[in-house]
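Q: This is the structure, below, for whatever I ask next.
The values are calculated or read from the model by the stated rules, or taken from the named source; none is laboratory data. It should be emphasised that the depicted structure is a prediction, and the values quoted were computed from it without experimental measurement. Backbone-built Cβ (ideal geometry, glycine too); neighbour counts: all protein chains shown.
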Amino acid sequence: MEFYEVIKKRRSYRSFNEARMPEKETIKKIINAGRLAPTWANMQGVEYIIVQKNPIVKQIWKAIGQRKKFSNAPMFIVGIIAEKDSGKNKNGEPYYPVDFGICFEHIILAATAEGLATCWIGYFDEEKVKEILHIPKKKRVLGLTPLGYPLKLKDDDSPRKDLESVIHWETF
Ligand SMILES: Cc1cc2nc3c(=O)[nH]c(=O)nc-3n(C[C@H](O)[C@H](O)[C@H](O)COP(=O)(O)O)c2cc1C
């Protein structure tokens with residue numbers, strides 16, 4: 001898929017074909033797209049847990065706790081980063097959430113290019129997810145996504161602001 005086509009095709013999916021698990025080689029290709037993302041000082045602090053075993057998938061779904069949403073996701077990708085894998089900018093703001101966001105969006109776009117459906121999930125019980133997956137205390141889970149084949153592809157008509165309303169030429 002051409003780059004801008006991928007950007008347009010990416011949509012948030014909350015329902016999946018639960019009978020079809022994404023193939024291991026495809027998952028590795030997607031994670032590789034995260035590995036290649038830029039990070040502050042090339043720290044490369046983001047790691048991923050691939051959750052495919054059914055009882056654990058269901059536990060993660062429960063820790064997300066958004067009713068029926070994602071209930072038929074065949075698997076999840078859970079993103080992890082540690083605060084120590086990050087510096088701060090001149091205003092004292094840490095880079096690690098930025099690094100995380102860039103890496104995770106790379107994997108979401110790569111998944112789209114592979115014909116797979118995702119949804120960035122930012123609202124979930126982080127402590128519960130860490131407990132289920134035995135993630136060390138010092139690590140943070142800043143986002144996760146279901147990964148699966150869509151039941152039906154969505155149109156690329158997600159509402160967005162007009163282009164002209166978000167561009168400021170030269171000054172604000
Ligand atoms: C940081 C972040 C957190 C999000 N958290 C959730 C979430 O917890 N649950 C959910 O259903 N969607 C979540 N979304 C998806 C957004 O609702 C979605 O991207 C937005 O409505 C635009 O729709 P689209 O992705 O289909 O273009 C999140 C997206 C982002 C970027």
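Q: Name the pairs whose Cβ atoms lie under 9 Å apart, with the first residue in the range 138-153 and without any contact (Cβ under 8 Å) to a residue 40 or more places away in the chain, the second among the polar types (S, T, N, Q) and part of a loop (DSSP other than H, G, I, E, B), and 6 or more positions between them or separate chains?
A: Lys152/Ser15
Q: Kindly check whether there is at least one residue in the range 35-58 that is within 16 Å of the ligand (Cβ to nearest atom), closer than 29 Å to Ser158 by Cα and not small (Gly, Ala, Ser).
A: yes
Q: Okay, next question. Among residues belonging to the range 126-172 that are hydroxyl-bearing (Ser, Thr, Tyr) and within 12 Å of the ligand (Cβ to nearest atom), point out the one that is surrounded by the most Cβ atoms within 10 Å (Cβ to Cβ).
A: Applying the filter and picking the extreme gives Thr145.
Let's see how each residue does on (1) of a type in the set (Ser, Thr, Tyr); (2) more than 17 Å from Phe16 (Cα to Cα):
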residue: Gly101; (1), (2): no, yes
residue: Tyr123; (1), (2): yes, yes
residue: Val129; (1), (2): no, yes
residue: Gly148; (1), (2): no, no
residue: Lys161; (1), (2): no, yes
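Q: Also, I was wondering about something else. Given (1) without any contact (Cβ under 8 Å) to a residue 60 or more places away in the chain; (2) buried (at least 20 other Cβ atoms within 10 Å of the Cβ), where does His106 come up short, assuming only one miss?
A: Unmet for His106, out of (1) without any contact (Cβ under 8 Å) to a residue 60 or more places away in the chain; (2) buried (at least 20 other Cβ atoms within 10 Å of the Cβ): (1).
Q: Checking the structure you have, find out if any residue of the range 149-160 is touching a helix residue (DSSP H, G or I) at 6+ places or on another chain (Cβ under 9 Å), of a type in the set (Ser, Thr, Tyr) and within 19 Å of Asn54 (Cα to Cα).
A: Among the residues of the range 149-160, not one is touching a helix residue (DSSP H, G or I) at 6+ places or on another chain (Cβ under 9 Å), of a type in the set (Ser, Thr, Tyr) and within 19 Å of Asn54 (Cα to Cα), which makes the answer no.
Q: With the structure loaded, tell me whether Tyr123 is exposed (fewer than 12 other Cβ atoms within 10 Å of the Cβ) and aromatic (Phe, Trp, Tyr) or whether it fails that test.
A: On the way: exposed (fewer than 12 other Cβ atoms within 10 Å of the Cβ): yes; aromatic (Phe, Trp, Tyr): yes.
Yes.
Q: Of all residues in the range 104-123 being in contact with a strand residue (DSSP E or B) (Cβ under 7 Å, 6 or more places away or on another chain) and of a type in the set (Phe, Trp, Tyr), which is farthest from the ligand (Cβ to nearest atom)?
A: Residue satisfying both the conditions and the ranking: Phe104.
Q: Among (1) more than 25 Å from Phe124 (Cβ to Cβ); (2) more than 16 Å from the ligand (Cβ to nearest atom), which single condition is Val6 missing?
A: Condition (2) is where Val6 drops out.
The rows are residues; the columns are (1) within 16 Å of the chain's Cα centre (by Cα); (2) within 16 Å of the ligand (Cβ to nearest atom).
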residue	(1), (2)
Glu2	no, no
Ser15	yes, yes
Ala19	no, no
Glu23	no, no
Asn32	yes, no
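Q: Before we move on, is Ala41 of a type in the set (A, V, I, L, M) and under 16 Å from the mean Cα position of the chain (by Cα)?
A: On the way: of a type in the set (A, V, I, L, M): yes; under 16 Å from the mean Cα position of the chain (by Cα): no.
It is false that Ala41 is of a type in the set (A, V, I, L, M) and under 16 Å from the mean Cα position of the chain (by Cα).
Q: Quickly run through the range 41-68 and pick out the residues that are within 21 Å of Leu109 (Cα to Cα) and either out of contact with any Asp or Glu (no Cβ under 9 Å at 6 or more places or on another chain) or modelled with pLDDT under 95 (or both).
A: Selection gives Asn42, Glu47, Tyr48, Ile49, Ile50, Val51, Gln52.
Q: Can you run down the residue pairs with Cβ atoms below 6 Å, 6 or more apart or on separate chains, where the first is in the range 112-130 and within 20 Å of Ile60 (Cα to Cα) and touching a residue at least 40 places away in the same chain (Cβ under 8 Å) and the partner is of a type outside the set (Asp, Glu) and part of a loop (DSSP other than H, G, I, E, B)?
A: Once the first residue is within 20 Å of Ile60 (Cα to Cα) and touching a residue at least 40 places away in the same chain (Cβ under 8 Å) and sits in the range 112-130, its partners that are of a type outside the set (Asp, Glu) and part of a loop (DSSP other than H, G, I, E, B) give Leu116/Pro22; Ala117/Tyr13; Cys119/Tyr13; Cys119/Arg14.
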